[in-house]
Amino acid sequence: MELKVNRTNIEVFEGAEIRHALLTYLTRRRMSLKFLEQFDIRDEWGHEVSLDAPASAFTQIKLSFKS
């Protein structure tokens with residue numbers, strides 16, 4: 001299953017949560033996994049998304065640091 005995180009295509013397994021997609025994204029970008037809890041996660045329509053949400057429900061995720 002594929003989804004986009006900040007315009008980067010990420011391949012995740014069926015049944016994955018948003019948390020798994022973000023771990024893959026951070027690893028690919030060589031960023032620290034400590035950032036995971038510091039992100040404001042939004043879907044393509046601007047709605048807030050939980051880390052525990054199923055990744056299959058989304059096609060695009062946008063990340064920004066919480067202010």
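The values are calculated or read from the model by the stated rules, or taken from the named source; none is laboratory data. Keep in mind it's a predicted model, so treat the numbers as computed, not measured. A quick note on method: Cβ atoms are made from the backbone with ideal geometry, for glycine too, and the neighbour counts reach across all protein chains shown. The area values use the complete protein model at the heavy-atom level, side chains included, leaving out ligands, DNA and RNA. Shrake-Rupley method; radii C 1.70, N 1.55, O 1.52, S 1.80 Å.
Quick rundown of the values:
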| read-out | value |
| --- | --- |
| Accessible solvent surface per residue of the chain, calculated while the other protein chains remain in place, 1.4 angstrom probe, Å² | 67 |
| Accessible surface of Phe35 - all protein chains present, 1.4 Å probe, nearest 10 Å² | 70 |
| Net charge of neighbours whose Cβ lies under 10 Å from the Cβ of Glu44, counting Lys and Arg as +1 and Asp and Glu as -1 | +2 |
| Two-decimal log10 I(q)/I(0) for the chain, as the Debye equation yields it once each C-alpha is a single scatterer, q = 0.20, 0.23, 0.28, 0.29 Å⁻¹ | -0.71, -0.97, -1.48, -1.58 |
| Linear extension gain, Gln38 paired with Glu11, 0.36 nm per residue minus alpha-carbon span | 7.5 nm |
| Point-to-point label distance, Lys4-Ser56, nm (Cα→Cβ direction, 7 Å offset) | 2.3 |
| Order of exposure, largest accessible area first, which applies to Lys62, Lys4, Lys34 with probe 1.4 Å | Lys34, Lys62, Lys4 |
